[in-house]
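To keep things clear, I will list the structure first and then write my remarks on it.
The values are calculated or read from the model by the stated rules, or taken from the named source; none is laboratory data. What you see is a predicted model; the values in this text were computed from it and never measured. With ideal geometry, Cβ positions are generated from the backbone for all residues, glycine too; neighbour counts draw on all protein chains shown. Heads up: the accessible areas ignore ligands, DNA and RNA and are worked out on the full protein's heavy atoms, side chains in. Shrake-Rupley method; radii C 1.70, N 1.55, O 1.52, S 1.80 Å.
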Amino acid sequence: MTSDVEFHGVSKVFGDFLAVDNISFSIPQGSFFSLLGPSGCGKTTTLRMTSGFEWPDRGDVLIAGQSMQNVPAYARPTNMVFQRWALFPHMTVAQNVAFGLEIDRRPRAEINKRVGEALELVGLTDFAARKPRQLSGGQMQRVALARALVKQPKVLLLDEPLGALDLKLRMQMQLELKRIQREVGTTFMYVTHDQGEALTMSDQIAVMNKGRIDQLDSPQAIYDRPATRFVASFIGNANLIPVEILESSAKEASVAIGGLKFTVPTTEKLSGKKGIVSLRFERIRVGPEAKKQNVSGKATIRDVIFSGSSITYVVTLEGSDTDLTVEAPHDGTSAPHSLGETVHIGWDGGAATVFADENGNG
Ligand SMILES: Nc1ncnc2c1ncn2[C@@H]1O[C@H](COP(=O)(O)OP(=O)(O)O)[C@@H](O)[C@H]1O
Ligand SMILES: [Mg+2]
């Protein structure tokens, strides 16, 4: 598969602060790729090194197989969409979208055709004659998107483009962005700190942590098989349980929590004695069905939180001081368990993951 963007051992230093630390990845042509991580982890810097607004101190950035070492921003086949859309207020929607093509001195007929197509793509055909102040936030962001796509970049760079929109509109725009990306087939390189956004839209996600990539995988693999403690806690809700490693190969380890021994997938041979098991809240069963799971035991209910579609329990595993959070669907078929009740809990060992406890003193 051809790659549109490649980073080879790229680092970026600001003063004595290492903002991006030796990262490597490649983005297949036509895919939706997200950089996901908390504020300050180096996402924007990575995007800016792709666009040419920032230069690596080490390593190389390639676009469409070509090194960008001597290629300035304006000569790169990329275009950027920002959170602040910065439209020209005195121009109509169509004029805003046409602007880049006018600068390039494209023929009038071609400009009209391409602007028409771009507006149709983002669903704004009927708004062509409006001024930005006559648009909602979501519509302005669509204009910004049309303005970037009309230039037919090889790679579209998007830096938290939905950050200024309210939650409902943001979710609607996520589906819309994904549809547009599929339709035009342009490679999208998308920056966000919002895990839901990244999980919804991406083909691949690079989870960044302090300037490094902790994991690069499909959304499902990131969720089901977090490679590090950071990924497990940043994405979704997981119990992070200190365990003793009884035995380990490169693929699985046997562990013990209290008196419960079970086998868990791992991505490395765990030689130390301490590990952390990551177990998603919703993967733990509670009540009679828990007994059918390949790991099960008894627990006492310590807390019950009702939240409509689900019920969250905090339970203490019998014979240990381990507290687990369990999220059970509220399907209306049975009454919630009550405080102090002893219940069965259980899970599929294969649905958990274990990694080394970096702070453990083994
Ligand atoms: N031009 C700059 N000068 C100094 N420090 C910077 C500059 N740009 C970014 N940084 C720092 O580098 C780190 C990563 O920034 P950034 O890439 O913007 O993170 P993110 O987009 O993930 O929030 C931050 O600590 C930020 O303060
Ligand atoms: Mg940023």
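Of all residues in the range 230-247, count the ones that are in contact with a Gly (Cβ under 8 Å, 6 or more places away or on another chain) and not aliphatic (A, V, I, L, M).
3
For the subset of the range 96-111 comprising residues that are part of a loop (DSSP other than H, G, I, E, B) and charged (D, E, K, R), which member is surrounded by the fewest Cβ atoms within 10 Å (Cβ to Cβ)? Give the derivation first.
Step one: of the range 96-111, the residues part of a loop (DSSP other than H, G, I, E, B) are 104-107.
Right, trim to charged (D, E, K, R) and you get 104-106.
Values: 104: 10, 105: 7, 106: 16.
Checked the range 96-111; the qualifying residue surrounded by the fewest Cβ atoms within 10 Å (Cβ to Cβ) is 105.
If a residue must be within 22 Å of the chain's Cα centre (by Cα), within 16 Å of ligand 1 (Cβ to nearest atom) and open to solvent by 20 Å² or more (accessible area, probe 1.4 Å), how many such residues does the range 13-33 contain?
Of the residues in the range 13-33, 2 are within 22 Å of the chain's Cα centre (by Cα), within 16 Å of ligand 1 (Cβ to nearest atom) and open to solvent by 20 Å² or more (accessible area, probe 1.4 Å).
Anything in the range 76-126 that is under 29 Å from residue 44 (Cα atoms), among the basic types (Lys, Arg) and out of contact with any Lys or Arg (no Cβ under 9 Å at 6 or more places or on another chain)? List them, or say none.
84
Filter the range 1-37 for residues that are more than 16 Å from ligand 2 (Cβ to nearest atom) and assigned to a loop (DSSP other than H, G, I, E, B) and give the result.
Of everything in the range 1-37, those that are more than 16 Å from ligand 2 (Cβ to nearest atom) and assigned to a loop (DSSP other than H, G, I, E, B) turn out to be 1, 2, 15, 16, 29, 30, 31.
Give the residues of the range 177-222 that are in a helix (DSSP H, G or I) and within 16 Å of ligand 2 (Cβ to nearest atom), sorted by residue number.
Residues satisfying the conditions are 195, 197, 198.
Quick one: in the range 206-229, which of the residues that are among the charged types (D, E, K, R) and open to solvent by less than 50 Å² (accessible area, probe 1.4 Å) is nearest to ligand 1 (Cβ to nearest atom)?
214
Just checking, how many residues over the range 38-95 are free of Cβ contacts under 8 Å to residues at least 40 places away in the same chain, away from ligand 1 (no atom under 16 Å from the Cβ) and either not in a loop (DSSP other than H, G, I, E, B) or not polar (S, T, N, Q) (or both)?
Result for the range 38-95: 10.
Scanning the range 157-172 for residues that are in contact with a helix residue (DSSP H, G or I) (Cβ under 6 Å, 6 or more places away or on another chain) and not in a loop (DSSP other than H, G, I, E, B), which turns out nearest to ligand 1 (Cβ to nearest atom)?
Per the stated criteria, the residue is 159.
Any residue that is within 31 Å of the chain's Cα centre (by Cα) and part of a strand (DSSP E or B) - is there at least one of those in the range 144-155?
The answer is yes, given that some residue of the range 144-155 is within 31 Å of the chain's Cα centre (by Cα) and part of a strand (DSSP E or B).
Quick test of your reading of the structure: residue 315 fulfils all but one of (1) modelled with pLDDT of 95 or more; (2) in a helix (DSSP H, G or I). Name the failing condition by number.
(2)
Name every residue in the range 109-168 that is closer than 29 Å to residue 52 by Cβ, among the small types (Gly, Ala, Ser) and touching a residue at least 40 places away in the same chain (Cβ under 8 Å), in order of residue number.
Answer for the range 109-168, where residues must be closer than 29 Å to residue 52 by Cβ, among the small types (Gly, Ala, Ser) and touching a residue at least 40 places away in the same chain (Cβ under 8 Å): 144, 146, 148, 163, 164.
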